[in-house]
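**Student:** My questions all concern the structure below.
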Amino acid sequence: MTPDAPIGVFDSGVGGLTVLKALAAQLPQERFVYLGDTARLPYGTKSPETVQRYALQAARTLARHDVKCLVIACNTASAVGLGAVSEAVRDVPVIGVIEPGAQAACAASRSGHIAVIATEGTVRGGAYQEAIVRRRGDARVRAVPAPLFVALAEEGLCRGPIAESLAHHYLDPLFAASAGASRPDTLVLGCTHFPMLAEAIGLVAGPGVSIVDSAQTTARCVRQTLEARDLAAGAGAGGLRLLATDAPERFARVGARFLERPIDPREVELVDLL
């Protein structure tokens with residue numbers, strides 16, 4: 001494992017590209033290998049056992065690319081698979097998106113009243129709730145599933161009346177004026193798709209609510225981990241290799257919105273997870 005080795009990143013599909021974009025912005029000299037398990041998405045509606053099995057297969061596939069660090073850019077997979085992946089890939093640091101997000105939420109909250117929006121699987125597993133309370137004993141955490149945000153992000157309907165209407169549907173019970181003293185002052189975007197809708201979410205949550213984007217906090221954690229282990233790359237132009245398990249054309253079309261640059265379908269390599 002050397003500083004010039006790539007960083008591996010995986011997700012169930014294109015949502016993890018928000019994490020990749022944040023990583024590339026903070027670590028422009030690094031090379032990345034991104035794997036989207038597009039044949040088996042979404043992970044958020046599947047059982048913990050199934051998600052853990054998929055996460056292990058993705059991690060082992062990336063390990064064969066001699067990565068120096070592995071990022072689980074999926075909240076659901078981080079919630080149920082981080083321990084198993086860390087055990088299976090012992091020779092490289094493994095970083096999920098939940099612990100950095102929980103740390104940032106605790107630091108941002110003045111009152112300790114924190115809301116989390118995520119997929120059904122992430123909410124059901126309680127990983128964010130546990131991670132926040134472990135760091136801040138006075139925290140009050142409300143976690144709400146917001147699965148339709150995923151479809152809006154992938155369709156590119158991230159702003160305007162449709163996005164704002166759906167944000168009202170999910171967030172009004174948390175942030176309406178009638179919530180009074182129970183109103184959270186911090187909101188965690190607990191799905192990698194949700195930063196795409198941050199503008200609409202912020203408008204509905206209202207002023208004074210801190211929005212925590214786990215993509216940004218995870219990128220900072222990866223940078224700190226590499227520096228602490230003397231694994232940060234030296235000067236260089238960086239690079240990106242894209243892998244998917246199905247439909248490279250759709251991966252390129254939808255992923256371009258998340259990565260905020262065109263993706264040629266020929267850039268996307270099809271792989272099987274074993």
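**Student:** Within the set of pairs 6 or more residues apart or between chains, which connect a residue that is touching a residue at least 40 places away in the same chain (Cβ under 8 Å) inside the stretch 45-67 to a residue that is charged (D, E, K, R) and in a helix (DSSP H, G or I) with Cβ atoms less than 7 Å apart?
**Tutor:** Short answer, once both residue conditions are applied: THR45/GLU120.
**Student:** Also, I was wondering about something else. Residues to consider are ALA219, ALA200; find the one that is in contact with a Cys (Cβ under 8 Å, 6 or more places away or on another chain), surrounded by 19 or more Cβ atoms within 10 Å (Cβ to Cβ) and of a type in the set (A, V, I, L, M, F, W, C).
**Tutor:** The conditions single out ALA200.
**Student:** Would it be correct to say that THR45 is modelled with pLDDT under 95, in contact with a helix residue (DSSP H, G or I) (Cβ under 7 Å, 6 or more places away or on another chain), in a loop (DSSP other than H, G, I, E, B) and of a type in the set (Ser, Thr, Tyr)?
**Tutor:** Taking the combined requirement at face value, the residue satisfies it.
**Student:** Kindly list, by first and then second residue, each pair from a residue in the stretch 96-111 that is free of Cβ contacts under 8 Å to residues at least 60 places away in the same chain to a residue that is assigned to a helix (DSSP H, G or I) and of a type in the set (Lys, Arg), limited to pairs with Cβ atoms under 8 Å and residues at least 6 apart or on different chains.
**Tutor:** Correct list of pairs: CYS106/ARG135.
**Student:** Name every residue in the stretch 220-274 that is assigned to a loop (DSSP other than H, G, I, E, B) and β-branched (Val, Ile, Thr), in order of residue number. If you could, list the steps in order and put the result at the bottom.
**Tutor:** Just the residues of the stretch 220-274 that are assigned to a loop (DSSP other than H, G, I, E, B), to begin with: 229-238, 245-247, 260-264, 271-274.
Residues satisfying the conditions are THR245, ILE263, VAL271.
**Student:** May I ask you to say which residue of ALA244, ALA228, ALA235, ALA252 is over 13 Å from PRO6 (Cβ atoms), hydrophobic (A, V, I, L, M, F, W, C), out of contact with any helix residue (DSSP H, G or I) (no Cβ under 6 Å at 6 or more places or on another chain) and at pLDDT 95 or above?
**Tutor:** ALA228
**Student:** Which count do you get for residues in the stretch 102-135 that are part of a helix (DSSP H, G or I) and modelled with pLDDT under 95? It would help to see each step written out before you state the result.
**Tutor:** First, pick out the residues of the stretch 102-135 that are part of a helix (DSSP H, G or I): 102-108, 120-125, 127-135.
If we keep only those that are modelled with pLDDT under 95 too, we end up with 120-125, 127.
The number of residues fulfilling the criteria is 7.
The values are calculated or read from the model by the stated rules, or taken from the named source; none is laboratory data. Just so we're clear, the structure is a prediction, and the values are computed from it rather than from any experiment. As a convention, Cβ positions derive from the backbone with ideal geometry for all residues, glycine included, and neighbour counts pool all protein chains shown.
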